[in-house]
Amino acid sequence: QVQLVESGGGLVQAGGSLRLSCAVSGRTSSNYAMGWFRQAPGKEREFVAAISWSGGSTFHAQSVKGRFTISVDNAKNTVYLQMSSLKPEDTAVYYCGAAVGGVIDGPLSVNYWGAGTVVTVSS
């Protein structure tokens, strides 16, 4: 089992920044891929960014490219999502996920989820 705990969400004005953290514990593996997803009210959960556990490979959704950066600190077993130039449309619950198969290509590829952290961007 893998446990994921997100933190760092909150209320921020448009143009501001936040850094989300995902603390990872349990039976982890260097073969895992880690990712961030978000879900706005009334919408489906959508992919935001993914990273290999080594940190050597990253991928960001087009909607956040250049504004968000995913990273991992293996010593702390923590995955981060640095968000800048935030927009009201970034308002959502942000979820951390872990994929045992090493590839994240959508919500169905995620085996473990955190409970989420709420990000609200005011205009």
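In square angstrom, rounded to the nearest 10, how much accessible surface does Thr120 have for a 1.4 Å probe?
So the heavy atoms of Thr120 present about 50 Å² to solvent.
For the chain, which longest stretch is free of loop sites, where a loop site is one of the trypsin sites (Lys or Arg not before Pro) that DSSP puts outside H, G, I, E and B and that has at most 11 other Cβ atoms within 10 Å? Numbers along the way, then the final one.
Details: sites that count: Arg27, Lys43, Lys65, Lys76.
No qualifying site falls inside 77-123, the longest such stretch.
Using the Kirkwood formula on the Cα atoms of the range 51-90, what hydrodynamic radius do you get, in angstrom to one decimal?
Numbers: mean 1/r = 0.0905 Å⁻¹.
With all distinct Cα pairs of the range 51-90 included, I get 11.0 Å.
Can you give the direction-averaged projected area of the convex hull of the alpha-carbon atoms in the range 79-123, in nm²?
3.8
Summarise the long-distance tail of P(r) for the range 16-76 by giving the % of C-alpha pairs beyond 19 Å.
Working: 639 of 1830 pairs.
Result for the distance tail: 35 percent.
Determine ³J(HN,Hα), in whole Hz, for all residues of the range 69-77 in sequence, where each value follows from phi through the Karplus function 6.51 cos²θ - 1.76 cosθ + 1.60 and θ = phi - 60°; x replaces Gly and Pro.
Each residue of the range 69-77 in turn: 9, 8, 8, 9, 10, 5, 5, 9, 6 Hz.
Grab the beta carbon distance between Gln13 and Ser63, set R0 = 22 Å, and tell me the FRET efficiency rounded to 0.05.
Details: r = 19 Å, r/R0 = 0.89.
Result of the calculation: an efficiency of 0.65.
Whenever you get a sec, line up Asp90, Asp73 from highest to lowest accessible area (probe 1.4 Å, protein heavy atoms).
On the way: Asp90 0, Asp73 50 Å².
Sorted by accessible area, descending: Asp73, Asp90.
Quick one: Karplus J couplings for the range 39-54, per residue in order, coefficients 6.51, -1.76, 1.60, θ = phi - 60°, nearest Hz, x for Gly and Pro?
The phi angles translate into 9, 8, x, x, 10, 7, 5, 10, 5, 10, 6, 9, 8, 6, 4, 6 Hz.
Just for the range 1-121, what percent of DSSP beta bridges are antiparallel, to the closest 5?
Details: 39 of 42 bridges.
Approximately 95 percent, going by the DSSP bridge assignments.
The values are calculated or read from the model by the stated rules, or taken from the named source; none is laboratory data. Note that this is a predicted model, so its numbers are computed, not measured. Every residue, glycine among them, receives a Cβ derived from its backbone with ideal geometry; neighbour counts consider all protein chains shown. Keep in mind that these areas ignore ligands, DNA and RNA; they rest on the heavy atoms of the full protein, side chains included. Shrake-Rupley method; radii C 1.70, N 1.55, O 1.52, S 1.80 Å.
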